[in-house]
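Written out below as structure tokens is the structure these notes cover.
The values are calculated or read from the model by the stated rules, or taken from the named source; none is laboratory data. These figures come from a predicted structure and were not determined experimentally. A quick note on method: Cβ atoms are made from the backbone with ideal geometry, for glycine too, and the neighbour counts reach across all protein chains shown. Ligands, DNA and RNA are stripped out before the accessible areas are found, and what is left, the full protein with its side chains, is counted by its heavy atoms. Shrake-Rupley method; radii C 1.70, N 1.55, O 1.52, S 1.80 Å.
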Amino acid sequence: MKQETKFIHAGAEPDPTTGAIMTPIYQTSTFVQESPGVHKGYEYARTQNPTRDALQNALAIVENGRYGLCFASGSAAADAVIKLLNPGDEVIAANDMYGGTYRLFTKIFEKYGLKFHFINMQDANEVSKVINKNTKLIWTETPTNPMMNITDIAAVAAIAKQHNIPLCVDNTFASPYLQNPLDLGADIVLHSATKYIGGHSDSVHGCLIVNDEELKNKLAFIQNSCGAIPGPQDCFLILRGLKTLHVRMKRHCENGEKIAYWLRNNPKVDQVYWAGFEDHPNHEIAKKQMRGFGGMMSFTLKDDSLEAAKKVLSSTKLFSLAESLGGVESLIGHPASMTHASIPREERLKNGLVDSLIRLSVGIEDADDLIEDLEQAIG
Ligand SMILES: *Cc1c(COP(=O)(O)O)cnc(C)c1O
């Protein structure tokens with residue numbers, strides 16, 4: 001089945017009792033048993049729910065994986081992955097990642113005796129240098145948030161395999177439409193489905209997709225034991241979002257390209273970070289592993305004062321100033337004070353995340369209207 005058909009039909013069976021074409025919202029906490037242990041496969045809704053099952057199956061199919069697991073948020077999904085580890089274990093992670101994941105690793109899990117090494121994952125060889133006998137997980141995000149750096153997933157996966165260490169890829173920015181890390185050798189794919197998969201800024205949700213059955217069983221055990229599961233209503237919304245992901249992503253890519261070039265040609269703009277530019281340092285890898293470059297980008301102004309950036313951030317009318325990304329509507333954000341405030345300033349600066357950096361999540365409105373809005377804001 002072609003990818004675009006999968007987004008609509010993945011895991012979708014008409015409801016067996018009524019024929020409802022859309023998976024119903026099974027708003028129930030428990031399921032009646034005929035006699036102890038005799039039931040229809042559902043016992044208690046933390047453990048299984050039919051709406052969640054439909055979504056888990058659909059997500060597995062669109063990521064070319066065997067098993068999907070849904071969580072209350074992308075952060076809850078990341079939390080479940082780290083709970084696979086034991087005190088003393090070490091993790092090698094990209095030094096340029098979502099601020100909340102960095103916070104989870106350093107502020108929550110370091111105190112349980114885990115050690116995190118943050119390195120530049122644009123060079124896969126850097127990974128080999130940090131691997132030791134305690135390394136139990138490699139974690140990357142590509143494209144990265146907000147610097148739009150690219151990790152060569154196949155190259156890092158090859159190193160991980162050689163040392164028998166699982167590789168987890170946060171695929172939130174690319175979405176399953178643009179990139180499938182399992183096909184490139186990753187072991188776990190993570191999404192904050194809050195973003196592109198949901199696509200309508202109306203739900204917070206996360207998921208993991210894996211191929212290995214033993215790994216799935218361990219993660220399902222954590223999912224059930226720790227209980228950070230999504231409710232059926234949210235699963236329904238994410239499942240509905242998934243059905244139009246391919247149509248939306250195409251438009252995000254088209255609008256993203258137009259706006260990236262427009263910014264680049266604007267005399268007031270200094271740097272534009274977007275992996276679709278031929279002179280982006282990781283462009284060739286991006287082209288190799290992605291089917292498009294998406295609608296996320298960051299830029300700085302020639303006037304690098306915080307005031308100049310703040311003026312732009314508070315002057316746009318179509319681009320709303322807000323956290324999050326990947327919705328149909330365009331958003332503008334200030335990573336240093338918003339999404340990445342939980343990363344210490346000196347760490348941010350090391351990765352080029354200057355105080356005046358502006359991030360855009362380009363939506364699917366008319367590109368000319370979006371450009372006009374940026375034009376009046378940048379002046
Ligand atoms: C938003 C985000 C997360 C966290 O997901 P939540 O659903 O907000 O918990 C993780 N990774 C990336 C890249 C994100 O953008």
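Observations on the model:
One line per residue, one yes/no per condition, for (1) more than 16 Å from the ligand (Cβ to nearest atom); (2) under 21 Å from the mean Cα position of the chain (by Cα):
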| site | (1), (2) |
| --- | --- |
| His117 | yes, yes |
| Ala124 | yes, yes |
| Lys129 | yes, no |
| Thr140 | no, yes |
| Thr151 | no, yes |
| Ala157 | yes, yes |
| Lys161 | yes, no |
| Val169 | no, yes |
| Asn180 | yes, yes |
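- Residues of the range 355-379 satisfying the condition of being within 18 Å of Gly294 (Cβ to Cβ) and in a loop (DSSP other than H, G, I, E, B): Leu357, Val362, Gly363, Ile364, Glu365
- Output for the range 63-82, where each listed residue is closer than 20 Å to Ala160 by Cβ, away from the ligand (no atom under 14 Å from the Cβ), crowded, with 18+ Cβ neighbours inside 10 Å and not hydroxyl-bearing (Ser, Thr, Tyr): Glu63, Gly65
- The range 314-326, residues that are buried (at least 22 other Cβ atoms within 10 Å of the Cβ) and within 12 Å of the ligand (Cβ to nearest atom): Leu325, Gly326
- Test: residue in the range 91-101 that is within 23 Å of Asn171 (Cβ to Cβ), within 16 Å of the ligand (Cβ to nearest atom) and open to solvent by 60 Å² or more (accessible area, probe 1.4 Å): yes
- Considering residues of the range 13-52 that are hydrophobic (A, V, I, L, M, F, W, C) and surrounded by fewer than 16 Cβ atoms within 10 Å (Cβ to Cβ) only, the residue farthest from Arg66 (Cα to Cα): Val32
- Pairs with Cβ under 8 Å, 6+ apart, first in the range 297-326 and within 21 Å of Arg345 (Cβ to Cβ), second charged (D, E, K, R) and modelled with pLDDT of 95 or more: Ser298/Arg359; Phe299/Asp270; Thr300/Asp270; Leu301/Lys268; Leu301/Asp270; Asp303/Lys268; Asp304/Asp270
- Selected residue (criterion: most open to solvent (accessible area, probe 1.4 Å)) from residues of the range 335-379 that are farther than 22 Å from Glu254 by Cα and of a type in the set (Lys, Arg): Lys350
- Checking Met296, Met290 one by one, the residue that is open to solvent by less than 10 Å² (accessible area, probe 1.4 Å) and within 30 Å of Leu55 (Cβ to Cβ) is Met296 and no other.
- Residues of the range 213-235 that turn out to be within 19 Å of Arg66 (Cα to Cα) and of a type in the set (A, V, I, L, M, F, W, C), as a count: 6
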